[in-house]
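Written below as structure tokens is the structure these notes are about.
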Amino acid sequence: MEKKKSTRKRSVQKAEQPAAQVPFITEFDQYLFGQGVHYEIYKKMGAHAAEKDGEKGVYFAVWAPNAKSVCLTGDFNGWDPEATPMERLEPLGIYEIFVPGMQEGDLYKYAVTGQEGKTVLKSDPYGFSAELRPGTASKVASIDGFKWADTRWMEALKTFQFKKEPMAIYELHPGSWKKHEPKDEDDPGYYNFRELAPELVAYLKKMGYTHVELIGVAEHPFDGSWGYQVTGYYAPTSRYGTPKDFMYFVNYLHKNKIGVILDWVPAHFPRDEHGLANFDGYPLYEYGDPKKGEHPDWGTKIFDYGRNEIKNFLIANALYWLTEYHVDGLRIDAVASMLYLDYGKQDGQWIANQYGENKNLEAIEFFRHLNSIVHQRRPGAVMIAEESTAWPQVTGSPVDGGLGFDLKWNMGWMNDFLEYQKCDPYFRKYNHNKMTFSMTYAYSENYVLVISHDEVVHLKGSMIEKMPGNEDQKFANLKAAYAFMLGHPGKKLLFMGQEFGQRREWSEARELDWDCLKDPRHQGLSEFVSQLLTLYRKYPALYAMDDTWDGFQWINANDGDRSIFSFVRYSPSKRNNLLFVVNFTPVDRPDYRVGVPKKKRYTKILSTNAPEIGGAGDTTPEIYKSEKSECDGQPFSFEYPLPAYGVAVFKF
């Protein structure tokens with residue numbers, strides 16, 4: 001059959017013409033897109049229900065400048081890749097078409113023919129929905145019409161000051177937190193977002209978390225990528241429902257005063273044929289030179305941060321999640337891989353910048369643009385960088401040469417902290433500085449202390465299994481570790497399952513091991529984490545001065561021989577300041593004396609000896625009066641019998 005081909009190149013619709021019911025791409029749209037500043041380009045590109053000349057249907061638009069032709073194919077035309085040619089708009093090479101009779105739920109793809117004549121079926125880069133994997137077609141969907149009920153939350157977010165507010169983040173993979181019993185061997189047992197919302201909210205409120213951070217919400221073909229190899233940047237994955245199901249989820253959490261953060265992946269994308277790779281027969285979304293456009297270790301493509309249309313695609317996508325889905329923040333994955341041209345590459349596998357350096361100048365500018373426009377358009381939204389190196393000013397202002405992020409994952413603290421925890425207690429005295437070194441740079445950036453999913457996979461062991469000693473010692477040690485983490489400056493993040501001491505490493509293929517909670521030790525750990533988070537939210541000393549030395553004071557950072565750490569967290573009002581004492585050995589210290597800065601009454605508000613968290617029972621007094629007796633370099637002190645792996649927190 002002779003291929004049907006559009007020979008007419010429609011002149012671009014002028015912006016001043018009468019408004020059409022079809023959202024045609026205008027000349028002004030093309031100009032903004034070409035400049036990289038069309039921040040709502042997703043309202044024009046992709047698939048949109050529309051009406052033309054009295055007929056209802058769907059309007060489609062896709063950018064494919066190097067293509068010889070593009071046709072629309074799907075259920076509506078029997079998946080004939082030649083039957084429905086699209087019209088090309090100049091000068092950018094956007095293809096468009098209005099198809100009467102198509103409606104929400106219809107599947108489609110673009111049949112993109114390159115200059116060499118090869119036709120590939122591509123999913124819609126701007127598609128709002130997709131069919132469930134292993135299918136790869138896009139699905140016509142509407143994101144309009146949802147009745148939001150979170151106005152009060154969204155208004156409050158405009159003035160949210162993350163530096164002064166508590167942020168206790170629960171990192172969650174929606175598909176494996178809990179699962180239904182599968183109906184058959186092909187049923188993954190996923191909770192729909194509408195089902196997940198009430199169960200998750202009840203749990204988060206019981207535990208005391210302020211935010212949830214979601215892994216793998218954007219559409220991705222392979223479960224085992226955990227959502228970090230995205231093919232549908234504008235499509236909430238169909239694993240858990242429709243776009244409006246996800247809106248319901250966010251709305252429900254907001255009504256219960258819980259923030260929602262999304263993992264966002266602008267660093268790379270997979271090679272899958274239906275995705276963004278070689279989209280129009282040539283590298284388009286990725287850099288053309290493989291030395292710049294490919295991650296050899298990951299087998300993925302790297303976005304071309306120097307091309308305006310690609311920057312527009314990504315920045316508009318960030319704003320899309322923050323505005324259309326009311327998300328409260330984005331955690332940007334693999335920032336270091338974007339900043340360094342030689343990241344994960346050997347000599348000869350990368351190209352230096354114009355100054356002969358390994359910095360990706362285009363990615364640097366992209367981050368400054370991204371963070372500046374997000375803060376302008378979505379005040380209060382929190383932008384978080386997973387940046388694993390010592391790159392300066394990640395959370396610095398772009399005006400001062402920074403990247404403009406609000407928070408940065410503290411990977412250095414995490415690595416040192418976990419290495420210390422894995423040590424046999426006898427050898428901890430030789431590794432004491434691993435727990436104190438982070439305070440030498442704690443205020444160089446705005447940090448989040450993280451124990452993420454990456455630390456409990458790939459034979460690294462779960463948190464409870466990292467701990468040394470017998471069973472009881474493992475639990476006591478982990479409680480001490482979590483208490484130290486709570487007291488250390490920085491916002492907090494803990495991956496799901498680690499709050500109750502899940503034994504097995506995490507797997508996306510199964511739900512968490514909730515049966516662990518039948519064991520009193522696991523239940524005690526869970527209750528202890530809940531107590532920690534309750535303290536965290538109650539006392540501003542633990543969060544309101546995370547960015548200044550005025551909020552922290554070592555009492556004794558050098559007690560390596562006994563592996564005991566003591567420090568104070570101060571509140572802005574200097575009321576309800578908190579003294580922490582943490583013992584990281586299985587040795588009782590019945591005659592322990594701690595130095596304190598003031599002659600005050602010190603009221604014990606947390607102890608790991610409490611029976612409800614698995615302790616042996618606490619018979620020590622609640623209130624201690626300091627006396628003028630120098631200790632730990634402080635003018636006052638008091639005695640407290642510190643048990644093995646004991647933790648005590650006092651307010652004064």
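The values are calculated or read from the model by the stated rules, or taken from the named source; none is laboratory data. What you are looking at is a predicted structure, and each value in this text was computed from that prediction instead of being measured. Heads up, the Cβs are rebuilt from the backbone with ideal geometry, glycines too, and the neighbour counts pull from every protein chain shown.
The condition (being loosely packed, with under 13 Cβ neighbours inside 10 Å, aliphatic (A, V, I, L, M) and in contact (Cβ under 8 Å) with a residue 40 or more places away in the chain) is satisfied by just one residue among Ala130, Ala149, Ala137: Ala149. When Ala483 is tested against (1) outside any helix (DSSP H, G or I); (2) within 23 Å of Tyr203 (Cβ to Cβ), exactly one condition is not met: (1).
Here is a yes/no grid of residues against (1) under 30 Å from Lys518 (Cβ atoms); (2) among the aromatic types (Phe, Trp, Tyr):
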{"position": "Lys600", "(1), (2)": "no, no"}
{"position": "Lys604", "(1), (2)": "no, no"}
{"position": "Ile613", "(1), (2)": "yes, no"}
{"position": "Cys631", "(1), (2)": "no, no"}
{"position": "Gln634", "(1), (2)": "no, no"}
{"position": "Tyr640", "(1), (2)": "no, yes"}
{"position": "Ala644", "(1), (2)": "yes, no"}
{"position": "Ala648", "(1), (2)": "yes, no"}
{"position": "Phe652", "(1), (2)": "no, yes"}
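Which of the residues spanning the range 416-436 are loosely packed, with under 15 Cβ neighbours inside 10 Å and touching an Asp or Glu at 6+ places or on another chain (Cβ under 9 Å)? Result: Asn433, single match. Going by what's in this entry, would Ser573 be described as over 27 Å from the mean Cα position of the chain (by Cα), among the polar types (S, T, N, Q), crowded, with 19+ Cβ neighbours inside 10 Å and in the same structural domain as Gly646 (by TED's automatic domain parsing)? Taking the combined requirement at face value, the residue does not satisfy it. Scanning the range 353-369 for residues that are in a helix (DSSP H, G or I) and without any contact (Cβ under 8 Å) to a residue 40 or more places away in the chain turns up Leu361, Ile364, Phe367, Arg368.
Condition check for Asp297 on (1) more than 23 Å from Trp350 (Cα to Cα); (2) over 19 Å from the mean Cα position of the chain (by Cα); (3) of a type in the set (Asp, Glu): one failure, at (1). Of the residues making up the range 624-636, those that are at negative phi and either touching a residue at least 60 places away in the same chain (Cβ under 8 Å) or small (Gly, Ala, Ser) (or both) are Ser626, Ser629, Gln634.
Evaluating Glu181 against the criteria (1) closer than 24 Å to Gln498 by Cβ; (2) surrounded by fewer than 16 Cβ atoms within 10 Å (Cβ to Cβ) leaves one unmet condition, (1). Taking the range 377-478 as the region of interest, the strands (runs of 3 or more DSSP E) fully inside it that hold 1 or more residues being of a type in the set (Val, Ile, Thr) are 382-385, 447-451.
Annotation: of all residues in the range 22-51 being part of a strand (DSSP E or B) and more than 14 Å from Gly93 (Cα to Cα), the one that is farthest from the chain's Cα centre (by Cα) is Glu51.
Return yes when Lys109 is in the same structural domain as Ala318 (by TED's automatic domain parsing), more than 21 Å from the chain's Cα centre (by Cα) and touching a residue at least 24 places away in the same chain (Cβ under 8 Å) and no when it is not.
No.
Consider the range 336-367 and keep the residues that are crowded, with 18+ Cβ neighbours inside 10 Å and not hydrophobic (A, V, I, L, M, F, W, C). The one that is farthest from the chain's Cα centre (by Cα) is Lys345.
The number of residues in the range 520-567 being acidic (Asp, Glu), over 31 Å from the mean Cα position of the chain (by Cα) and under 26 Å from Gln502 (Cα atoms) comes to 0.
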